[in-house]
Amino acid sequence: MEKLLEMNKAYVSDITDDLPNVSEAFFKLPQQALLTPQPASTHPPRILMLYGSLRERSYSKLLTLEAARMLEAMGAEVKVFDPLHLPQPDTAPDTHAKVKELRDLAAWSEGMVWCSPERHGAMTGIMKSQIDWIPLSVGAVRPTQGKTLAVMEVSGGSQSFNAVNQMRILGRWMRMLTIPNQSSVAKAFLEFKEDGRMKPSAYYDRVVDVMEELVKFTLLTRDVAPYLVDRYSERKESTDELSQRVNQKSI
């Protein structure tokens, strides 16, 4: 490995001769060897699940719980966050018990599932508030970067993708690895039995697909996540400069 790194360093010097705007000290060539960690982690994938409704019969919660059962059957360790009593962002200190619970779970997780109802053509405020409480950065560390993400939505009418599309944008902004597949359950009130379990359907099968893909991507990336999201521009920037740029004072 040391010999490979020395060869790589010499090659970088040749490349940067043709790239006068690039700083050789921070320019790195992607390497296959660094994408194959040894030894690989063997613990169950850790998945945090968020849902976006506080209704007594919340279909986003029911879909989340159904998906949680699938993930557990696939060998994952799953924790579902209850957003009840989570304050609105900027109305409480980050030492608030529910805020701390959410942030600790976000730090614990290796992947997440976000599931929101679509309301007025968008994700709910309850969903957005949870995401807003997860900090983009703590010091110079981004708590969500490199974690996998699956997005799902439920709607009362015809199938739509507004909420999942919005959550994809947020996942990118949070530097997460959002998987290609997603779930959108139309007329959700018809898709669950009285006991809260989801009925067999093409919608159900898609949720299985999404959870299976999430576990695979989490296993594939969790050990190399820091390397995958390592950036040239941030290597150039000092820790103090990065912290000042991405953080604001808490209330």
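Computed from the coordinates by the stated procedures, all read-outs in this text should not be read as laboratory data. Just so it is clear, the model here is predicted, and its values are computed rather than measured. Methodologically, a virtual Cβ is constructed for each residue, glycine included, from the backbone with ideal geometry; neighbour enumeration extends over all protein chains shown.
Quick notes on this structure:
- With N the number of residues in the chain, Rg(Cα) / (2.2 N^0.38 Å) evaluates to 1.14.
- Sequence ranges 223-231, 46-54, ranked by mean other-Cβ count within 10 angstrom, highest first: 46-54, 223-231
- Anisotropy class of segment 67-138 from Cα gyration tensor, a/c 1.5 cut: oblate
- By average C-beta atoms within 10 angstrom, highest first, the peptides 162-174, 200-212: 162-174, 200-212
- Other residues within the sphere of radius under 10 Å centred on the Cβ of MET198, judged by their own Cβ, net out at +2 (K and R +1, D and E -1).
- Where Cα atoms sit under 23 Å apart: lysine pairs in segment 1-150 separated by 8 or more or lying on different chains: 17
- Candidate cross-link partners of LYS187 among the aspartates and glutamates, defined by an alpha-carbon separation under 18 Å and a same-chain spacing of 8 or more, comprise GLU56, GLU66, GLU118, GLU153, ASP195, ASP205.
- Proxy reagent accessibility, fewest Cβ within 10 Å first, across THR144, THR218: THR144, THR218
- Residue ranges 87-95, 58-66 sort as 58-66, 87-95 when ordered by packing (mean number of other C-beta atoms within 10 Å per residue, highest first).
- Three-way shape call for segment 150-221 based on the alpha-carbon gyration tensor, with the a/c threshold at 1.5: oblate
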